[in-house]
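Taking it in order: structure first as structure tokens, then the write-up.
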Amino acid sequence: MMAEPAGSKTSESPLTDAEARFRNVRFGLTIFLIVFGVLFAASMIGVVVIRLRAEQWSVPPLPRVLWLSTLILLASSGTIHWALRSVKSGDERSLRRGMVLTTLLGVLFLALQLWCWIYWFDITHEQWVDSKPWRLALSGFYLLTGLHALHVVGGVIPLLITTRRAFAGRYTFKDYGGIALCAMYWHFLDAVWVVLFITLKLTVG
């Protein structure tokens, strides 16, 4: 192995160079989101197939609160985009506000989902407990929304960490990788939810 000439610069390690580290983490996140997308696509296709094969399908309509939770999640996509634009322009105050709002909206979305689960289980359990369509619809509903909620929880945790770092002044217009990665993940969650919600409306009720 040849020795490097005196005075030559060695390449930066991905662990020490911020830009290289961001590219590597972004690549890993991209792979994860692809796997995540395939998992959801397979789950939604499964629910659609069950719906098409069901001879009878008499179930109550989905909770109307799902419309509100959808608007809240879409709003959170806007607030995290605001946070990302703010850090790029060096506006730390708006960055912090955007991150706090996104985190609060994410938690509120989860709270509304929990309310929907309890509400829909109560009304379906009372009227359709012995119905096969009820069991199929309920399984599809909880499978899709529960899987998505699990990933939202997985997004709220880094949001909390990133928000704390934003208040500590860890991000600048030159170094904002954490914000960009959170925005990437959160926008993907929103896109998945829109497709999921449409699937539920067309299949479950």
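Read the figures in this text as sums done on the coordinates, not as results from a lab. Every value quoted in this text rests on a predicted model; they were computed, and no experiment measured them. Neighbour counts run over all protein chains shown; Cβ positions are idealised from the backbone, glycine included.
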Put in order of increasing Cβ neighbours within 10 Å, starting from the fewest, TRP67, TRP82 give TRP67, TRP82
Output ordering of 139-146, 112-119 (per-residue mean of other Cβ within 10 Å, highest first) is 139-146, 112-119
Dividing the mean separation of Cα pairs under 8 Å (6+ apart) by the residue count of the stretch 19-203 yields a relative contact order in percent of 34 percent
Fewest to most Cβ atoms within 10 Å: MET44, MET184 sort as MET184, MET44
Fewest to most Cβ atoms within 10 Å: ILE31, ILE80 sort as ILE31, ILE80
